[in-house]
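Notes follow the structure.
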């Protein structure tokens with residue numbers, strides 16, 4: 001599940017980059033050479049608003065997915081190492097005493 005969310009986040013990042021590059025610039029830059037041609041050919045005056053909304057929505061989707069991905073991660077048990085060490089010590093003690101070792105603890 002976490003892998004799926006990470007893939008969706010990466011796709012959303014690409015879409016966000018697309019929106020940023022094709023927006024009409026407010027001060028110039030790389031998107032100015034591409035954005036002005038598109039608005040002249042299409043003749044749409046509200047495309048800037050659509051691109052800006054798309055940028056904000058995509059950013060919000062990325063933020064929600066990043067926060068949501070935390071809940072899909074497995075819980076980390078800080079005592080897992082200690083439990084394994086204790087089980088190994090018990091097994092060694094039983095072997096030294098000549099008893100049959102018990103099943104390992106999970």
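So here's what we get for this one:
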{"quantity": "Potential extension, residue 63-residue 89 segment - 0.36 nm per residue separation minus Cα distance", "calculated": "4.8 nm"}
{"quantity": "Ranked packing of 83-96, 9-22, most packed first, by mean Cβ within 10 Å", "calculated": "9-22, 83-96"}
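Since every read-out is calculated from the coordinates, none of them should be taken as a lab result. As the structure is a prediction and not an experimental result, all values here were calculated from the model. Cβ atoms come from the backbone with ideal geometry, glycine included; neighbour counts cover every protein chain shown.
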